[in-house]
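Reading through the structure tokens given below for one structure.
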Amino acid sequence: MFPLHSVQGQHDISVNQRVVQRKSASMQYMKISKIIEPVLNFFFPDVCVICGEDTDKNNLSVCRKCLNKIEFIKPPYCQTCFLPLADGGAHCWQCRRTKYHFEKIIAVGKYTGVLRGLILKFKEKDFLKTVLGNLLLEVLVKNIALNQFDLITAVPLSKKKEFVRDYNQSQLLAELLADKTKKQVVSGNLVRMKDTKPQFELTRAERLVNLRDVFFVKNPSVFKNKNIVLVDDIATTCSTLEECSTVLKKAGAKKVFCAVLARD
Ligand SMILES: [Zn+2]
Ligand SMILES: [Zn+2]
């Protein structure tokens, strides 16, 4: 997925012993199982999960060099769905002809390179919530004023998927955002009733059927008259965010703002 420079860069013999030890640890990373990884992470927490280099103990698990490679979304982008617009303008073709139930989507960057790598690794490495959550927090506070929303909730995984993965990464992001913005995080109230096929594999018509009756609000009074920030990892077709927003609005939510790590 990513070039592991520390593994390929065998020329780098002059570095000190400590770095060499970390590099050998990063080589092991590729081979060892999910069970041993947390142990290694405990002993070598300052090794970049992307390139294996030293993170200078930045507590982010990613080195500065890799962080600088993230392709952040810069204007011009669609004012509704955050899709980069090569030719400028306020809205993308899709948003000009669609009325969504959410106000807008905000995103950290494009689903490529380092950000894509981090999101994929986040499925197994929950400690990446710090670096990814902080990136999301930055775009959130830049684009949505704190007085514009009341609470934060995450796009839910199915019970089966959450059991297999141990956690819902969007929920971890929602918790971090809530903690930093001093807002309430609501978990377990927006629920997913069944697993669905990945949306990008389907046509537009199939997508709508695929997501029908998938999401459900247990207790509508929690969302009633609230402005909500809805968190997910990636927005590809926007149909998951739209379906969740529809359900939240039906439950009485005033406005829904979507915050995602990557816009694909
Ligand atoms: Zn790195
Ligand atoms: Zn758009």
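The values are calculated or read from the model by the stated rules, or taken from the named source; none is laboratory data. Only a predicted model underlies this, so the values are computations on that prediction, with no experimental measurement involved. Note that we place each Cβ from the backbone using ideal geometry, even for glycine, and neighbour counts take in every protein chain shown.
A few notes on this one:
- Taking the criterion of being within 17 Å of residue 126 (Cβ to Cβ) and in contact with a Ser or Thr (Cβ under 6 Å, 6 or more places away or on another chain), the only residue of the stretch 49-59 that qualifies is 49.
- Listed conditions (1) assigned by TED's automatic domain parsing to the domain that holds residue 234; (2) modelled with pLDDT under 95 are all met by residue 113, apart from (2).
- Checked across the stretch 210-228, the condition of being of a type in the set (A, V, I, L, M), modelled with pLDDT of 95 or more, surrounded by 24 or more Cβ atoms within 10 Å (Cβ to Cβ) and under 23 Å from residue 111 (Cα atoms) holds for no residue.
- Any hit, the stretch 236-248, residues being surrounded by 14 or more Cβ atoms within 10 Å (Cβ to Cβ), touching a helix residue (DSSP H, G or I) at 6+ places or on another chain (Cβ under 7 Å) and of a type in the set (A, V, I, L, M, F, W, C): no
- Subset of the stretch 82-99 (residues that are more than 9 Å from ligand 2 (Cβ to nearest atom) and either in contact with a strand residue (DSSP E or B) (Cβ under 9 Å, 6 or more places away or on another chain) or part of a helix (DSSP H, G or I) (or both)): 84
- Checking each residue in the stretch 168-195 for being surrounded by 19 or more Cβ atoms within 10 Å (Cβ to Cβ) and within 12 Å of residue 157 (Cβ to Cβ) picks out 168, 169, 170, 171, 172, 190, 192.
- Here residue 258 meets each of (1) within 27 Å of residue 130 (Cα to Cα); (2) touching a Cys at 6+ places or on another chain (Cβ under 7 Å) with one exception, condition (2).
- Going through (1) surrounded by fewer than 17 Cβ atoms within 10 Å (Cβ to Cβ); (2) over 15 Å from residue 101 (Cα atoms) one by one, residue 252 falls short only on (2).
- Residue-level check: of (1) within 16 Å of ligand 1 (Cβ to nearest atom); (2) under 22 Å from residue 240 (Cβ atoms), residue 62 misses just (2).
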